[in-house]
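The values are calculated or read from the model by the stated rules, or taken from the named source; none is laboratory data. Note that the coordinates shown come from a computational prediction; the quantities given were computed from them, not determined experimentally. What goes into the accessible areas is simple: the full protein's heavy atoms, side chains included, and nothing from ligands, DNA or RNA. Shrake-Rupley method; radii C 1.70, N 1.55, O 1.52, S 1.80 Å.
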Amino acid sequence: MNTLLNVNSIPGDEDSPPCNGLEPIALPESTTDGVSTKNVQPVTETTNTYNSADVHWYAMRTTYGREKKAYEYIVNKGTEAFYPTSTIEKKNKDGKMIHQVVSLLPNIFFIHTTEEMAKIYAYDKKDLHYLRFYYNQHHDGTKEPLIVPDSQIENLRIVCNSHAKDILVAPANISNFQTGQKVRVIKGDFKGIVGIVSRWHGQQRVGITLQGLCIIATAYVPSAFLEVI
């Protein structure tokens, strides 16, 4: 995956979304309130601790490209997390082409837990002061932590595991992927993905939505590899 469209890491800019042109559906959390885990007893979390209906995938955002650091910290605390990456080709200082693993969605990763536990991490001013929630901002001025459906996380896992090149990331409101047939990929590297078929950069691809964040388009998928849902 060496083509990332409209995704830029902006060090120090805590108010800018991770995808240029992204609609402000999901807003970073204010740093003026919250609680710290400084006085909270260490927690080792397992998925069996909670009612499964209370556990969701929450989109988290960091500053200064520290999503891997936050991801590793949270995983070490026993919370399930997902850090989507891609592999790019680049030249090293000797001019040789090398492969480098980078974040597919700069500054973003996901944690699978309850809202209560997610808030402990998001409001930790000591060890995770660079971590923020993404929020769903409603028209009435209210907001809530952004939850990404399980099916969308599974689609994203398939994209990352494919190791395919020419994966595209675009703003969530891009018109090309708001029309077209809903399909399931039944063969190839992207088998299992459910999304919207469309042409992008001259090729037939399948676009998958990440709730309130962006749209990710697979590399080329032949029609024979698709079934209409």
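Table for the structure above
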{"read-out": "Rounded to the nearest 10 Å², the accessible area of Ser151 at probe 1.4 Å", "value": "80"}
{"read-out": "Base-10 log of normalised Debye intensity for region 45-202 (one unit scatterer per alpha-carbon) at q = 0.17 Å⁻¹", "value": "-1.18"}
{"read-out": "Area of Trp57 that stays accessible when all protein chains are in place (1.4 Å probe, Å², to 10)", "value": "10"}
{"read-out": "Over region 149-223, equivalent-ellipsoid semi-axes from the Cα gyration tensor in Å", "value": "16, 15, 12"}
{"read-out": "Tail beyond 18 Å, pair distance distribution of region 111-202 (Cα, percent)", "value": "63"}
{"read-out": "Percent accessible area from carbon and sulfur atoms, region 71-227, protein chains only, probe 1.4 Å", "value": "48"}
